[in-house]
1. Residues to consider are A:Ile402, A:Ile423; find the one that is more than 27 Å from A:Pro89 (Cβ to Cβ), of a type in the set (A, V, I, L, M, F, W, C) and either open to solvent by 10 Å² or more (accessible area, probe 1.4 Å) or not assigned by TED's automatic domain parsing to the domain that holds A:Asn277 (or both).
2. Can you work out which of the residues in region A:35-65 that are surrounded by fewer than 14 Cβ atoms within 10 Å (Cβ to Cβ) and touching a residue at least 12 places away in the same chain (Cβ under 8 Å) is farthest from A:Val104 (Cα to Cα)?
3. If I ask for residues that are assigned to a loop (DSSP other than H, G, I, E, B) and within 16 Å of A:Gln165 (Cβ to Cβ), which ones from region A:181-230 would you list?
4. State all residues of region B:97-109 that are more than 7 Å from chain A (Cβ to nearest Cβ) and in contact (Cβ under 8 Å) with a residue 60 or more places away in the chain; if no residue qualifies, say none.
5. A:Ile207: more than 27 Å from A:Ser247 (Cα to Cα) and at pLDDT 95 or above, yes or no?
6. Tell me, which helices (runs of 4 or more DSSP H) lie completely within region A:1-109 with 1 or more residues that are within 23 Å of A:Asn195 (Cα to Cα) and of a type in the set (S, T, N, Q)?
7. Applying the selection to region A:370-401, what residues are within 14 Å of chain B (Cβ to nearest Cβ) and polar (S, T, N, Q)?
Amino acid sequence: MSSIDNKDASGLKAELIADFQSSQAKLNGKSALPVHQLRGEAMQNFDKLGFPTTRHEEWKYSNVSNLVKQTFDFHTKTDFNQADLDKIPLPHLTGNVLYFINGVYNAELSQIATAENKLKVIPFADALAQQPELIEGYFGKYANYETDAFTALNTALANDGVVVQVADNKIVEEPIILRFISDVRSANVGSQPRNLIIVGKNSQVKIAEAYRTVGEEAAFVNTVTEIIVDESAMVDYYKVQNESDKSYHIGTTQVYQKGNSYFYAATATLNGGFVRNNLNVVLDGEHIESRLFGLYVPNGKQHVDNHTVVDHRKPNCESHELYKGILMDKSTGVFNGKIFVREDAQKTNAYQNCRNVVTSDEATMNTKPQLEIWADDVKCSHGTTTGQLNDEAIFYMQSRGIPKKEAIRLQLLAFAQDVVTQIKIDSIREYIEELILAKLEAA
Amino acid sequence: MLTISNLHARIEEKEILRGINLEIKPGEVHAIMGPNGSGKSTLASVLAGREDYEVTDGSVTFHGKDLLDLAPEKRAAEGIFLAFQYPVEIPGVTTINFLKTALNEIRKYNGQEPLDAAQFLKRMKEKAKLVKIDDALLKRSLNEGFSGGEKKRNEIFQMAMLEPSLGLLDETDSGLDIDALRIVAEGVNQLRDGKRSFVVVTHYQRLLDYIVPDFVHVLYKGRIVKSGTKELALELEEKGYDWIKNEVDALETV
């Protein structure tokens, strides 16, 4: 690691590099293992790349300068327990529910319901320390740690998270719910969870990641999830964010789909001071279907940025994308949707739509669809709209006796429904509905 | 029930109502006719509380209350219902949920308990029959993808559900074929119970063949220039509006 030069780095970057160097020192000769070699490479990449500025095309509207000025404790000990958890209920949770407090798996709070012959669940830290061969074939093979600074950082430094492996030909009935809680009651806390989800041929599973903050200090969550969807497998994946105004969430979900598979995602951002979600899907086989939904409801000065990449590499596949935003107060939103249709990917159907309602003159939405099409026999479309609620519709409801505030609320709820109804884990959907209601109530 | 005195209203800088006087008693049906641009629809909109219009003079009292002082939803709760000329499509909100919210808001305003699901469904079934509206339609998003006739029928259905004391029908006949017109008119007639009043805004006589008015008023240049009974409507049908325009314009130039 001699090539990492720490002397110019400051703030968060310096802290992270020092952190990496001290973790290397504890490897006790394991540093030659491929997994650790890869982590070393990732760290060098991060050192070279540094944190992105708004001059970077992919970060034009999302400014992380306030994040990188701060420091965070990445190794804080927390006594977060069941009593604390009871204060932030997510009701009717059933199935496989795994808790990560400040990014570290908490076995006491977690429960695994599905039999091991169907589903293997291993904390990432254990896989890294005891069974590196388990993750070697997948770890870092999909998520881009070469040019994406945050992914490089996570790849180098992630110390926990989860490895989920669904065997071939299994239907996992019980959902897998990963709850990530940042406990910032006593200090600024950083966490870098890393998840690897491997779904075997012809298998089916529903997975949700739910993020939230407890406490008043700042949180920095830099998360990477890699999902491998093998042939004819079906995966539903939901990401729910309910984090504090002082939190920074940067997350990448990297999906790799093989032939005849089906991947279905919904990302719901209810709260978070600064949120950047990257959802990248590679369709590397024929007859694949991908559906990506998103909903964001920022208020105050919250900032929510969704970047998606749908990469059609083979013929006869279909992708659909629908992102919807309700932007209140002085909030800002970004949607950047890339669709690649490679030369091989004839007969591709790819659709993208981003619709936004702004309820205040001071809220802003930046949308940017980017289609790059190299095949000639394809159907692609994209559309974005940003507007205000229809005054005539509000008057119509008022004229039937519904107060104006309620009329607005009903219409915003209806607007969000298209995405909310896509979520097939009841407890997660109800949780989102509740959060939206609370948020619109407060508006 | 409703007393309109010297009502003046404008939109932006354009004065549209220029001194309307009208008295409506319980159970009466008043037809408001007139050429295009005479202010007929404006009158209905001002009564329902549309924000685009500014009332510059005059007063409107409804059941003894100053109507112009009330927000649109309060006017509705007091018993005013406007059947829109162009009913609005509201994606994602079903007619059923919409009406349940509306009805219970009105009940709350009037100090009544909300209807429970069973009571609401019972009333809905009854009233749907009245205007021959299909149950399946009511489960869909409000007016979304409805035909012109279905939209107008839905307006009358909503009126039946909310049971106002005064129904304002704004060009309810526009865009309807003869069969749809008859169904809508029959629905309105079923709601005539001797106490409920109606203001029927229309350009043509044909709706009045079915909904027979007690009084007919002709609006021109923002004023009621002629009032009569249903025979006046027939006369207008036969002779058009020009003779009235000429009369009024002649007086103005004097």
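The values are calculated or read from the model by the stated rules, or taken from the named source; none is laboratory data. These numbers come from a predicted model, not from an experiment. In this analysis, Cβ positions are derived from the backbone assuming ideal geometry, glycine residues included, and neighbour counts consider all displayed protein chains. Ligands, DNA and RNA are stripped out before the accessible areas are found, and what is left, the full protein with its side chains, is counted by its heavy atoms. Shrake-Rupley method; radii C 1.70, N 1.55, O 1.52, S 1.80 Å.
1. A:Ile402
2. The selected residue is A:Thr53.
3. A:Gly200, A:Lys201, A:Asn202, A:Ser203, A:Asp230
4. B:Leu99
5. no
6. Fully inside region A:1-109 and qualifying: A:11-25, A:34-49.
7. A:Thr385, A:Asn390, A:Gln398, A:Ser399
Yes/no per residue for (1) at pLDDT below 90; (2) over 24 Å from the mean Cα position of the chain (by Cα):
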| site | (1), (2) |
| --- | --- |
| A:Ser2 | yes, yes |
| A:Gly29 | yes, yes |
| A:Glu41 | no, no |
| A:Asn66 | no, no |
| A:Phe72 | no, no |
| A:Lys87 | yes, yes |
| A:Pro91 | yes, no |
| A:Tyr99 | no, no |
